[in-house]
1. Only residues that are within 21 Å of the chain's Cα centre (by Cα) and either of a type in the set (Asp, Glu) or in a loop (DSSP other than H, G, I, E, B) (or both): list them for the stretch 285-301, please.
2. Name the strands (runs of 3 or more DSSP E) wholly inside the stretch 164-232 in which the number of residues that are of a type in the set (A, V, I, L, M) and touching a residue at least 60 places away in the same chain (Cβ under 8 Å) is 3 or more.
3. Which of the residues belonging to the stretch 161-171 are over 22 Å from Pro250 (Cβ atoms) and buried (at least 19 other Cβ atoms within 10 Å of the Cβ)?
4. Select from the stretch 291-331 the residues that are over 25 Å from Trp579 (Cα atoms), crowded, with 16+ Cβ neighbours inside 10 Å and in contact (Cβ under 8 Å) with a residue 60 or more places away in the chain and list them in ascending order.
5. Just to be sure, is Leu157 at pLDDT 95 or above and either surrounded by 23 or more Cβ atoms within 10 Å (Cβ to Cβ) or touching a strand residue (DSSP E or B) at 6+ places or on another chain (Cβ under 8 Å) (or both)?
6. Could you grab me the full set of residues in the stretch 495-504 that are over 19 Å from Val320 (Cβ atoms) and surrounded by fewer than 15 Cβ atoms within 10 Å (Cβ to Cβ)?
7. Give me the residue from the stretch 358-397 that is surrounded by 11 or more Cβ atoms within 10 Å (Cβ to Cβ) and of a type in the set (Asp, Glu) and, out of that set, farthest from Thr212 (Cα to Cα).
8. Among (1) closer than 27 Å to Glu275 by Cβ; (2) buried (at least 16 other Cβ atoms within 10 Å of the Cβ); (3) of a type in the set (S, T, N, Q), where does Ser350 come up short?
Amino acid sequence: MLSRLRPRHNRPHSLRQPFDLFSRWLCRDKHQSSLLGSTNEQEITIAKNITQGRASEDDVFSYKAHRWLWNEPEQLRRRYLRFDLKALAHAAEDAAGPGANCIEVTKLPEGNFNKTFLMTMDDGRKLIARLPNPNAGRLHYTTASEVATMDYIRDPLQIPVPKVLAYSTHADTNGVGAEYIIMEKCSGVELGRLWDGMSGTQRIDIVRQLATFSARLSKARFPHYGSLYYARDILEIRGTEVDETFSVGPTTSRAWFDDRRGDIDVDRGPWASAEDVLNATMKREIACLEAFSEFPRDRQQGIFNGPGGFHASKVSKMAVIQHYSRILPLIMPKNDAYTASILWHDDLHSDNIFVNEDCPTEITGIIDWQNVHLSPAFLHVSYPSLIKYDGPILDGFEQPTLPSNFAALDPVAKEKAQSLHKAQSMWGLYQIFVQKEAPDLLRTLRYRNTLPCQIMSRIGSVFGDGEAYVQSMLTRLAEPEVWEKVVKINGQDPTRVPCPLVYSDYELSKQRDDLAKWEKDVERKARVMKEVGTYTGWDGAVLPKEYDMMSEKMEKARKRFLHVESRTSDERELWTNAWPFKDR
């Protein structure tokens, strides 16, 4: 563990000898959808400029991987980070050990929340320096929690993660002018480079290891909910001690900071119970509704507020939260495995998993632990992104099969059927492996699909969107036969625990009407996204070289949308105002 590692506060700015600013410059954002394509051409051009010593401060501090079709100044501001690069190199030298000399710094592909640099020493050693952008989360706590979490994951859980060598959460005193983490470079290559060419047996071996790592995470349970820290990093607050090294402190979960939620003063933990977490989440959404006059429109699932469409309102959102508050104590799961406070990596895709290039079944490291936090397992656990797929999800341990008419299919259909069969097989095998190592985890994963869990999982998004859908689930929960099953599962007598939600015929009719309008507006947005070639939830990020092309596609989509949806000039004006893809 890093019990001897101390955060850095002050450091001189000088270097032992000058070095080139960068040897190359990469601008591909791994976390963006594949629709954004490759940026190799841009990498080559900028690399040439840097080699010739023409890299500007803007190249170093600004975000260059993408542009935005709307709200671009704000998006770029949230990713702009000014710091002292020489001081960062000096910190890397100190982390590398006595006599280390940093001779080369390379800016690696820009992610959404951090700037990452490869620091090369004169003896060939390579370290990673990562600096959180302003949009990464709460100052001090985000970095402090990430470091402690990685340490805990590495030892005692024995999950391969890069070893942290140095870190600082005090931008005002560390000389660099920004928070940073310096860690060992993860050996090997991204699994995504090899996955398609791996045999079925090799893929199964990877899935087996992921199941083992998942089981270890699910079995490591904590006394409170929030985020994990070194006790020394949260001395100023009342954390909950885990042992002599670690404590549980406030959450760093993005759900508590995205879409302006970080601007409000609310309880962010640590919390003593799962019910405390859900009550705090509910109060957070109420605080947002009281503090802000608008909802985050571009990230909503539909194009709302058009003529005859769904109209979001504070009144309806507050009503849904109030209904939810009445049933929450009655639907909270009683199973300790479901409510256990655990850490969970919710983004295990192929670029976050590193493997030995010569032995691709050997996982050498798992990266991207920023904002991993302690939450009730039933709100937290998920299947690895690596094995998720589009298509029917098999029930339980059902064996996947090829279509009965497989032999008669054309080559394209055969390939599609085989691809689905392989994906379903990996999904099923992961469940089998988890069942063997951590049956409680598999039960929790399956509990995620139940109606009570769906309601509790979605209430935290009502400020932005989804109140009509949550209301429809509450209405279904109130049906006598459904309520009886839910109460019995929790070990209660339904004759003694009546459902507190009772709706009149008028209320039920209005709820059905609101849901129908909401769903229709969701379909409207889905059609626009399909035309543009993006996805619902897209924030407008595009490759710089595709900015003009995507702007034109979006404008064509806007004009077509207005033409199709508007029957009168008044309707056209209303739909124009409802169009969400514009500066706010």
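1. The answer is Glu285, Phe295, Pro296, Arg297, Asp298, Arg299, Gln300, Gln301.
2. Per the criteria, 164-168.
3. Once the filter is applied, which keeps residues that are over 22 Å from Pro250 (Cβ atoms) and buried (at least 19 other Cβ atoms within 10 Å of the Cβ), the stretch 161-171 yields Val161, Pro162, Leu165, Ala166.
4. Hits for the stretch 291-331 are Val320, Ile321, His323, Tyr324, Ile327, Leu328, Leu330, Ile331.
5. Spelling it out, it is not the case that Leu157 is at pLDDT 95 or above and either surrounded by 23 or more Cβ atoms within 10 Å (Cβ to Cβ) or touching a strand residue (DSSP E or B) at 6+ places or on another chain (Cβ under 8 Å) (or both).
6. Matches in the stretch 495-504: Thr495, Arg496, Pro498.
7. Filtering the stretch 358-397 for residues that are surrounded by 11 or more Cβ atoms within 10 Å (Cβ to Cβ) and of a type in the set (Asp, Glu), the one farthest from Thr212 (Cα to Cα) comes out as Asp368.
8. (1)
The values are calculated or read from the model by the stated rules, or taken from the named source; none is laboratory data. Predicted, not measured: the structure shown is a model, and the values here were computed from it. Reconstructed Cβ throughout: ideal geometry from the backbone, glycine too, with neighbour counts over all protein chains shown.
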